[in-house]
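A.B. asks: Have a look at this one before I ask anything.
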Amino acid sequence: MNAPMETLLAPPKPAARPRLPEWLRLSLPTSSAFTKTRELLNDLRLHTVCESAKCPNHWECWSKGTATFMIAGDRCTRACGFCAVSTAKPLALEADEPQRVAEATKRMGLKHVVITAVARDDLADGGAEHFRQTIEATRAANPGTVIEVLVPDFLDKDDCIETVLAANPEIYNHNLETVRRLTPSVRHRATYDRSLSVLTKVKARRPDVFTKSGIMLGLGETEAEVLTAMEDLRQSACDILTLGQYLQPTLKHLPVVEFVHPDKFAELGARAEAMGFVHVASGPMVRSSYHAEEFAPA
């Protein structure tokens with residue numbers, strides 16, 4: 001018997017996400033600090049990567065009174081297959097945003113602040129000057145606070161990289177995200193070698209600045225490919241490495257191919273330390289800025 005017309009015309013249902021293993025199931029904290037953090041961010045009209053990227057750790061971080069500020073708006077010009085940040089035509093930069101980030105850092109009493117941004121390929125400098133102003137405003141209001149920036153690749157433009165470095169961040173983070181083979185499907189408009197080039201340039205220009213990068217696992221990479229990526233980062237003089245489990249933020253994003261066991265993360269973390277990274281954070285729930293304060297620049 002022929003199927004009803006409604007059935008024939010209905011779009012296929014997306015595949016359900018696989019069940020999370022025990023080590024990825026989190027209990028939500030009930031601390032009043034979570035509400036206070038949310039109210040402060042709302043009061044200062046600030047975006048965070050915690051919310052925009054649907055980070056699974058944001059309940060924990062906000063409950064501890066920390067957050068990763070995301071400047072230059074919440075609309076990204078790229079559409080990476082892993083990222084939940086909205087892709088849309090960005091709005092104009094807000095001139096007072098650097099001061100608002102500085103004020104939030106002060107009110108929260110942060111001794112280590114992470115500042116990131118959406119990719120702004122619509123701007124000639126990719127938002128580099130906005131980063132510089134935010135770093136300088138934050139340091140002026142919070143002397144002694146370690147400032148870590150997690151930046152886009154700025155299309156590997158030397159002047160953009162120099163602009164950010166001119167503000168003297170202690171840590172310059174740019175994520176490799178995945179292995180070479182998977183980069184085209186995971187990172188829209190980004191390239192593996194461009195990211196390595198950015199990190200190499202930063203270290204060559206400013207040996208005193210710590211460089212940092214991160215790789216997601218569970219997208220279908222092999223262990224050999226991960227080790228090669230780690231070696232490539234060391235060849236680029238990258239100092240700090242994060243390794244974490246990729247989690248599919250929505251059914252429209254790339255599926256999880258594998259849930260990597262915590263023991264494997266521990267093993268890869270030990271391999272990374274043996275390669276010479278000065279600090280390694282490796283575990284299923286590790287993200288670029290998760291517990292970032294555990295590394296204190298000398």
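The values are calculated or read from the model by the stated rules, or taken from the named source; none is laboratory data. Owing to the predicted nature of the structure, the values given are computational and were not obtained by experimental measurement. Neighbour counts run over all protein chains shown; Cβ positions are idealised from the backbone, glycine included.
A.B. asks: Output the number of the condition that K111 fails; it satisfies all remaining conditions of (1) without any contact (Cβ under 8 Å) to a residue 60 or more places away in the chain; (2) surrounded by fewer than 17 Cβ atoms within 10 Å (Cβ to Cβ).
C.D. replies: (1)
A.B. asks: Moving on. A117 - would you say it is surrounded by 23 or more Cβ atoms within 10 Å (Cβ to Cβ) and either without any contact (Cβ under 8 Å) to a residue 60 or more places away in the chain or hydroxyl-bearing (S, T, Y) (or both)? Before the answer, list the steps.
C.D. replies: Values: surrounded by 23 or more Cβ atoms within 10 Å (Cβ to Cβ): yes; either without any contact (Cβ under 8 Å) to a residue 60 or more places away in the chain or hydroxyl-bearing (S, T, Y) (or both): yes.
Yes.
A.B. asks: Further question on the same structure: Would it be correct to say that R189 is part of a helix (DSSP H, G or I), among the charged types (D, E, K, R) and either out of contact with any Phe, Trp or Tyr (no Cβ under 9 Å at 6 or more places or on another chain) or buried (at least 17 other Cβ atoms within 10 Å of the Cβ) (or both)? Even if it seems obvious, please write down each step before you answer.
C.D. replies: Working: part of a helix (DSSP H, G or I): no; among the charged types (D, E, K, R): yes; either out of contact with any Phe, Trp or Tyr (no Cβ under 9 Å at 6 or more places or on another chain) or buried (at least 17 other Cβ atoms within 10 Å of the Cβ) (or both): yes.
So R189 fails the test.
A.B. asks: Moving on. Restricting the stretch 192-228 to residues that are more than 17 Å from the chain's Cα centre (by Cα) and buried (at least 22 other Cβ atoms within 10 Å of the Cβ), which is farthest from V256 (Cα to Cα)?
C.D. replies: Filtering the stretch 192-228 for residues that are more than 17 Å from the chain's Cα centre (by Cα) and buried (at least 22 other Cβ atoms within 10 Å of the Cβ), the one farthest from V256 (Cα to Cα) comes out as V202.
A.B. asks: Then there's this: Against the definition (within 27 Å of H291 (Cα to Cα), at pLDDT 85 or above and surrounded by fewer than 19 Cβ atoms within 10 Å (Cβ to Cβ)), how does R75 come out, yes or no? Break it down stepwise before answering.
C.D. replies: Details: within 27 Å of H291 (Cα to Cα): yes; at pLDDT 85 or above: yes; surrounded by fewer than 19 Cβ atoms within 10 Å (Cβ to Cβ): yes.
Yes, satisfied.
A.B. asks: Sticking with this one: Restricting to the stretch 78-93, give me the number of residues that are over 22 Å from M216 (Cβ atoms), surrounded by 13 or more Cβ atoms within 10 Å (Cβ to Cβ) and touching a strand residue (DSSP E or B) at 6+ places or on another chain (Cβ under 7 Å). Outline the logic, then answer.
C.D. replies: Step one: filter the stretch 78-93 for residues over 22 Å from M216 (Cβ atoms), giving 88-93.
Next, only the ones that are surrounded by 13 or more Cβ atoms within 10 Å (Cβ to Cβ) stay: 88, 90, 93.
Filter once more, keeping what is touching a strand residue (DSSP E or B) at 6+ places or on another chain (Cβ under 7 Å): 88, 90.
Residues in the stretch 78-93 being over 22 Å from M216 (Cβ atoms), surrounded by 13 or more Cβ atoms within 10 Å (Cβ to Cβ) and touching a strand residue (DSSP E or B) at 6+ places or on another chain (Cβ under 7 Å): 2 in total.
A.B. asks: State all residues of the stretch 151-186 that are surrounded by fewer than 16 Cβ atoms within 10 Å (Cβ to Cβ) and among the hydroxyl-bearing types (S, T, Y); if no residue qualifies, say none.
C.D. replies: S185
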